[in-house]
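The values are calculated or read from the model by the stated rules, or taken from the named source; none is laboratory data. Note that the coordinates shown come from a computational prediction; the quantities given were computed from them, not determined experimentally. Because the Cβ atoms are built from the backbone with ideal geometry, glycine has one as well, and the counts that use them run over all protein chains shown. For accessibility, only protein heavy atoms count, side chains too; no ligands or nucleic acids. Shrake-Rupley method; radii C 1.70, N 1.55, O 1.52, S 1.80 Å.
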Amino acid sequence: MGRVWKARDRMLQRDVAIKEIVPPPGLTIEARQELRVRSLREARAIAQLDHVNVVRVFDVLLSADGDPQIVMEYVPSRSLHDTITTDGPVAPVRAAEIGLAVLGALRAAHRAGIMHRDVKPANILVGADDRIVLTDFGLATAVEDVNLTLSGVVLGSPAYVSPERAMRGTVGPEGDFWSLGATLYAAVEGQSPYARPSSLMSLTALVTEPPPAARRAGPLAPVLAGLLRKDPAERMDADAAEQLLRAVLDGTPRPPIAVTWRPAPAVPAPPAITVHPVDASDVPRSSAPVAADRAGPGPARRRRTWLLGGLAAVVALGLAVGVPLATRRASRPAGGGAELVDAAVAGAPSTPGAAPTTAALRPISWSVYRDSSGFSMPAPRDWQILRRGQRVELREPGGERMLVVSQTDSPRGDPLAELGGPAVSERYRDYRRVELLAVNYQLKAADLEWVYTSEAGTAMRGRQRTFTTAARHGYSIAWLTPESAWPAAGADAFREVTAGFRPASTADGATPSATPDRRVSPSPSVPPARSGNRLVGVASKRCLDISAPDSPDPVRLGIWDCRDDRASHQLWAMRSDRSVQLGGRCLDVLAASSDAGAAIQLTTCNTTPAQQFTLNEAGQLVNAHSGLCLGTVGQSTANGAMIEQRSCSAGTSHLRWTRR
């Protein structure tokens, strides 16, 4: 609801930023006046704060229509969001520096009775002088001014909003700390912990799923674990967060630190969410400690002190969990493409009584497996290959890791419902679901992550993606590994396989055979584009370009000089389904985002609106999902400038393309 302009203060001879409030179309006179009051409140809120990490407000002007224009300090900078999408995730130490600055700004705001309510990477500016500034207090709420709302408008960013605010509308400092945790997670991982293709899916995941483990956090892991606690009473407070962030910056071993989580006001616990009915005898015994913890707000629940330091990573990963063994349930007959796989089947190598550790795992040497049915994927070299009908198993020699791909000619309509069905839990001893979510992949897809106990007594973890590639063809890919090895050798391996998977283009009806391709490089190849059109930027005179056509999904897009020797990088096919394709992959908005500034990538085609584009009469390439236009980051015209989506400002040549 606003645009920001760079302007010149002629009186004081300084550059300023002016935030122009642009009312949404269709507002009534009353709603428009309410928006003006809200905007003036934003200016009042920021003006109360005198902190180096908060943008300063100089004045408020009124337009001819009476709409406010807030005159603010101009900070030459780019947002943390732009940094992540352009340069990739930042190092944990750099994230700690940013976190300390934002934490200081939030503490100043909270002392003034102001909650930010929209902390996210797009609202954090990193200045040319390395100053870090928290901006856009447009959602800020003063304690004495809580009765103003815009009816029907959902405020905040779903991927960064706190659980208590999403479920109960509770606003407080703890909510800002959660958003800070999600922001720092995005800084080191590249996306927020609850980034999903739609706002509804983000909110659903926020309410029903635990935060995923941060793989690249390193010494920042204890901070993320503390800030992303769903119960605000157990969430890390500002003092504890500052202490641990400074420890990350020190970069030297420190003695154990006693850190106290400050309790928040008691709130009713949300009701448990049940996916399918189960008998009491079927409830895994490992859930008992959780039930006991929810029994009442005892002293241990209201105030908890953790010993951090050498054991911080163990606490953050939640490894101190004992799971008693239970009787193995009878296996179900082999089914369709969504059948869950079990590492403990006849003939599987195992080591009874000893669970492999991360240190004992051999590093994976990647090759490309090509199946005679037509699909290909990255796969560990020299693993044993076993075919069982329409299923291929690749097993680690002498270990318990396994990669399984199954396919079907009769996929079910909803992979999410299929993986969430009651039959799943019956196939595994001590089965416990970790995560279930829909993903933006192929035509329709869902991921399930779960833990269980193998016949050898090993705590195992698996992740499976079930998806359709055509009306009558679907696949499931599953990666299973000892749970202790999952942080180091699970999630990354699963991502490697799914990113490089290429489905069969046609079904020939032949009985498939298992044959690894030993001649190819570790990265799956993408056939070069042979025909199509170049999309040339009007402002840059350069072509929409992919730097490395052979790179696995996803690949960021940029612009480059239009050259004949880069035909495989620059010839785009604009299909009747409104997809824009190169080498069999599709133009796509990262995470199906509707936000301005979201990155544009090349990835596996899935026919969703996030992959549908129209070249309109003005020469703008408009995304069907977001309604935003493609342009270069910062309106750059240089070779290598990255592509993002922006508001379709009429007449802006940086957002216009010609096809030739």
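At-a-glance table
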quantity	calculated
Verdict on V71 being surrounded by 15 or more Cβ atoms within 10 Å (Cβ to Cβ), without any contact (Cβ under 8 Å) to a residue 24 or more places away in the chain, in a strand (DSSP E or B) and at negative phi	no
Condition check for R78: charged (D, E, K, R), in a strand (DSSP E or B) and touching a residue at least 24 places away in the same chain (Cβ under 8 Å)	yes
Condition met for Y441 (part of a strand (DSSP E or B), touching a residue at least 24 places away in the same chain (Cβ under 8 Å) and open to solvent by 10 Å² or more (accessible area, probe 1.4 Å))	no
Segments classed as helices (runs of 4 or more DSSP H), wholly inside segment 160-221, with at least 3 members that are farther than 21 Å from H116 by Cβ and out of contact with any Asp or Glu (no Cβ under 7 Å at 6 or more places or on another chain)	199-208
Leading residue by the ranking (most open to solvent (accessible area, probe 1.4 Å)) among those in segment 405-423 that are among the aliphatic types (A, V, I, L, M) and in contact (Cβ under 8 Å) with a residue 24 or more places away in the chain	L416
Verdict on R36 being under 26 Å from the mean Cα position of the chain (by Cα) and either at positive phi or outside any loop (DSSP other than H, G, I, E, B) (or both)	no
